[in-house]
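The values are calculated or read from the model by the stated rules, or taken from the named source; none is laboratory data. Note that this is a predicted model, so its numbers are computed, not measured. Counting neighbours? That spans all protein chains shown, and the Cβs are built from the backbone with ideal geometry, glycine included. Each accessible area value is taken on the protein alone, full model and side chains, heavy atoms only, with ligands, DNA and RNA left out. Shrake-Rupley method; radii C 1.70, N 1.55, O 1.52, S 1.80 Å.
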Amino acid sequence: CRDLINNLDFGYTVLEGEDRDKVILEIFRTLGSELPVSGPERIGAWERGWSENLEAFVNSGFDPKSLVPFYNRPGKRVMRLRGQYILPRSLNFEADFLGVLKRWLAKRFFSEVDHVYEFGCGPAHNLMTFGEIYPDKCYHGFDWATASQEIIQRIAHSNGIRVSGQWFDMFSPDKTCQIEPNSAIVTLDSMEQLGGRFGPFLDYLLLQSPKLCVHIEPLHELYDTSILPDYLAAAYSKRRNYLDGFLTALRELEQSSEIIIHDVRKILGSLYQDGWSLVVWSPRDS
């Protein structure tokens with residue numbers, strides 16, 4: 001990861017004065033407009049999105065780069081870092097950052113497990129990265145869009161990664177779907193869509209008792225609403241009905257000695273919210 005960071009351009013400018021005001025005004029205008037709300041009704045949008053990735057993957061001759069979601073493609077976008085708005089120098093800042101983050105996650109948390117399960121895996125680009133780092137492990141991609149499973153089938157036949165796919169609805173988990181022993185669970189921006197309805201999925205994870213659960217998600221409880229950027233991000237997250245209350249629920253489970261929380265931290269955000277915050281935990285009997 002250090003080598004990657006040293007060879008990529010992560011330079012940026014902190015926006016101040018008029019430039020910062022323009023960003024804040026854009027956010028206020030967005031908050032005053034009609035915004036799509038997360039929930040089960042959004043399944044069609046995700047099916048269309050992953051179908052586009054599937055088509056691109058096939059047409060490219062199974063190039064892993066074609067699996068990157070279109071909303072993560074190169075572009076010069078304002079980001080959020082430590083309560084400030086920043087403008088990166090590189091058009092690839094976001095994609096490069098996520099590449100480093102995924103490799104750090106794999107090295108930090110997945111070295112000792114035999115299986116890695118990603119819930120809400122989408123086009124399986126994260127599993128591809130993990131598989132490049134640890135090719136001998138077994139990877140499982142669960143998603144509610146059928147296009148996701150089709151992508152995974154083609155990855156398994158074309159890229160040599162030990163990966164399988166399965167349909168799974170985090171709003172209504174199938175409790176008969178068993179997790180293998182010595183497994184890690186990972187979610188990356190997928191629980192975001194659950195809003196306050198994360199309870200059934202959390203219950204499912206507790207029932208399965210994996211070795212470790214790693215989440216990169218917007219964690220509403222980490223916003224400091226006494227500062228304007230975080231206040232606006234929290235308001236945006238509420239308007240979109242993004243994940244809310246999950247960290248509080250984990251802390252309550254830790255208080256009752258049911259789980260152990262190993263790490264909680266803000267990392268980076270996009271213009272509107274801190275979408276990449278981290279919480280890592282494990283059941284006490286895992």
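For GluC sites (Glu not before Pro), the sites in the range 242-286 that DSSP calls loop and that have at most 16 other Cβ atoms within 10 Å are Glu258.
With R₀ set to 30 Å, the beta-carbon distance separating Gln178 from Glu221 gives a calculated FRET efficiency near 0.45.
Simple point charges give the picture: +1 on the Cβ of Lys and Arg, -1 on the Cβ of Asp and Glu, and for the chain a dipole about the Cα centre of about 460 debye. For the pair Ile5 and Glu254 in one chain, pulling the backbone fully straight at 0.36 nm per residue adds 86.2 nm over the alpha carbon distance. The modelled label-to-label distance for the pair Leu206/Thr30, using points 7 Å beyond Cα in the direction of Cβ, is 3.4 nm. Both radii are taken from the alpha-carbon atoms of the chain; with Rh as the Kirkwood radius, Rg/Rh is 0.95. Using a probe of 1.4 Å, the accessible surface attributed to Phe70 totals some 100 Å² when neighbouring protein chains are kept in position. Estimated at 0.36 nm per residue, the fully extended path between Arg89 and Asp285 surpasses their Cα-Cα distance by 65.9 nm.
Taking every C-alpha pair closer than 8 Å and separated by at least 6 residues, the mean separation divided by the residue count of the chain gives a relative contact order of 18 percent.
Among the GluC sites (Glu not before Pro) within the range 28-126, those in coil by DSSP and having at most 16 neighbouring Cβ atoms inside 10 Å are Glu34, Glu112. Accessible area per residue (1.4 Å probe, heavy atoms of protein chains only) ranks Thr248, Thr225 as Thr225, Thr248, with the largest value leading. Within the listed set Leu127, Leu67, Leu219, the residue fluctuating most in the Gaussian network model of the chain (springs between alpha-carbon atoms under 10 angstrom) is Leu67. Each of Pro88, Asn72, Ser38 was scored by the projection of its Cα onto the charge dipole of the range 21-116, and the greatest displacement toward the positive side belongs to Pro88; charges sit on the C-beta of Lys, Arg, Asp and Glu.
The Cβ shell under 11 Å around Phe142 holds other residues with a net charge of -4, Lys and Arg each +1, Asp and Glu each -1. The spacing between the range 70-93 and the range 113-136, judged by their C-alpha centroids, is 25 Å.
Per-residue surface analysis assigns Met128 an accessible area of about 10 Å², computed on protein heavy atoms at 1.4 Å probe radius.
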